[in-house]
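Step one of this worksheet: look at the structure below.
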Amino acid sequence: MELFETKKADWVPLARQSAPQTLDEFTGQEHLVGPGCPLRLALESEQPFNAIFFGPPGCGKTSFARLLAQKKGMDCVEISCATSGLPKIKEAIGGAELKLKTTGRTTLLVLDEIHHLNRTQQDILLPYMESGVIAMVGMTTENPFFYIHKAILSRALVYEFRSLDDQALGIVLDRSLSAIAKKGRPLPLGDDARRFLLRFAAGDGRKLLNALEFLSGVAKQTLASAWSAKDVERLLGRQQILYDKKEDAHYDAASAFIKSMRGTDPDAAIYWLARMLEGGEDPRFIARRIVIAASEDVGNADPMALVVAQSAFNAIEMLGLPEGAIPLAHAAIYVACAPKSNACYLALKAAQEEVKKNKQEVPIHLKDSNLDAELGHGEGYLYAHDYPEHFVTQKYMEKFVQFYKPTTIGSEATMKERLEKFWKRSY
């Protein structure tokens, strides 16, 4: 055999060995696959369907899609939208059209990381979904209501997959250890090592399987009767911060970040920013939180806060990570250090409540004169720019209700003085 010649390997990744072959072997997602639950019912029906599966990595989205194809007797074509573009998708659709013509069977097109497709690329799927050439399952770790085109969502059922809890991970662990032992290389795991692996996986079944596969490879080189948690940690290297983007830790860290900016604590804000980034949070999610805080918690006390926050959002879109983390830090610290006012937020809430209770008519002099001038619409309107300081007293609501109550903080103090001067009333 030549030095670089390779023979066909009989090695099969542990993730493939442990993949469920029946619904009863599928682990986790009881809210979807338990008795009487939606995906179990969908799987047991004969009708193909389109779906979006969203949730964190390693929670069973791909495994369930494969079960779906197997159960319904469909050919399954899997494409990663992160690495393959439209040519690959069009090729798969062409094959599906031929399959439908020759066999009458619909092809299941499984699109992993579908959020990488832009709106135009997603639209290409629509006619083939509608005609039955393909049944499409799109999978994403992002919020589909932000990243998936509404036309796709209207033709697909959306299901949220959740991180695997310790019970589900324990089942995956035991099943995988049995598969490894059958190969003649059992893992010498102590109880504390098992507990460490569950923490290490942090709800990600694939991460657990990859760790076990690595450990099984080095097990042959050790004579230890039982590995401790420290042994496993040393072998696996640095453990990622436990931070689940879909569950409580995600919202807790985001909440701490927002409240730190609101509380004018730049050090705490930058810590929680770093914590979220280290945990793999989408930087756009973080940028949106900064934009919200700039308006809700700073507002007109420093109008530049919103400009800085929006600029940071644009920067992360342009730069990505890791460089994009710098403008995020810049904006978070600016918002944290800025003078604070929630007057705009409170004004909006008060106005929304008023609208629910009282629907005022538009004063006739404010109505569009281009539409119904003969009815007197627009008559008597005073054009503010024709008057000193570009202000003139006139009625803008049939019944005045004060919603905006500016503070005396930062730039808002100047606005308050100006309003009181013009309207001759206290703000």
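The values are calculated or read from the model by the stated rules, or taken from the named source; none is laboratory data. Keep in mind the model is a prediction, meaning the values are calculated, not measured. Every residue, glycine as well, gets a Cβ built from its backbone with ideal geometry; the counts of neighbours run over all protein chains shown.
For the range 133-184, name all the residues that are more than 20 Å from residue 60 (Cβ to Cβ), of a type in the set (A, V, I, L, M, F, W, C) and in the same structural domain as residue 208 (by TED's automatic domain parsing). Spell out how you get there, then give the answer.
Just the residues of the range 133-184 that are more than 20 Å from residue 60 (Cβ to Cβ), to begin with: 133-134, 145-147, 149-155, 180-184.
Next cut, of a type in the set (A, V, I, L, M, F, W, C) only: 133-134, 145-146, 151-153, 180-181.
Listed by number, the residues that qualify are 180, 181.
Figure legend. Inter-residue proximity from the range 401-427: first residues in a helix (DSSP H, G or I), second residues among the aliphatic types (A, V, I, L, M), beta-carbon distance below 7 Å, spacing 6+ or different chains. Indicated pairs: 411/301; 412/301; 412/343. Evaluating residue 187 against the criteria (1) buried (at least 18 other Cβ atoms within 10 Å of the Cβ); (2) at pLDDT 90 or above; (3) not in a strand (DSSP E or B); (4) not aromatic (Phe, Trp, Tyr) leaves one unmet condition, (2).
As for the range 311-326, it holds no residue that is out of contact with any His (no Cβ under 9 Å at 6 or more places or on another chain), part of a helix (DSSP H, G or I) and hydroxyl-bearing (Ser, Thr, Tyr). Between 46, 97, the distinction of being acidic (Asp, Glu), part of a loop (DSSP other than H, G, I, E, B) and more than 25 Å from residue 147 (Cα to Cα) belongs to 46 only. Looking at the range 352-366, is at least one residue under 34 Å from the mean Cα position of the chain (by Cα), modelled with pLDDT of 95 or more and surrounded by 11 or more Cβ atoms within 10 Å (Cβ to Cβ)? No - not one qualifying residue is present in the range 352-366.
Name the residues in the range 176-193 that are in contact (Cβ under 8 Å) with a residue 12 or more places away in the chain, out of contact with any strand residue (DSSP E or B) (no Cβ under 8 Å at 6 or more places or on another chain) and closer than 13 Å to residue 213 by Cα, would you? Full working, then the answer.
First pass over the range 176-193, keeping only residues in contact (Cβ under 8 Å) with a residue 12 or more places away in the chain: 176-177, 179-180, 183, 185-190, 192-193.
After this cut, where a residue has to be out of contact with any strand residue (DSSP E or B) (no Cβ under 8 Å at 6 or more places or on another chain) as well, the list is 176, 179-180, 183, 185-186, 192.
Hits for the range 176-193 are 176, 179, 180, 183, 185, 186.
Selection over the range 57-82 of residues that are buried (at least 21 other Cβ atoms within 10 Å of the Cβ) and of a type outside the set (Gly, Ala, Ser) gives a count of 6.
So, residue 413, is that one surrounded by 14 or more Cβ atoms within 10 Å (Cβ to Cβ), assigned by TED's automatic domain parsing to the domain that holds residue 301 and either at pLDDT 95 or above or closer than 24 Å to residue 261 by Cα (or both) or not?
No: the conditions fail for residue 413.
Residues that are hydrophobic (A, V, I, L, M, F, W, C) and more than 26 Å from residue 300 (Cβ to Cβ) were ranked within the range 367-406; the one that is modelled with the lowest pLDDT is 373.
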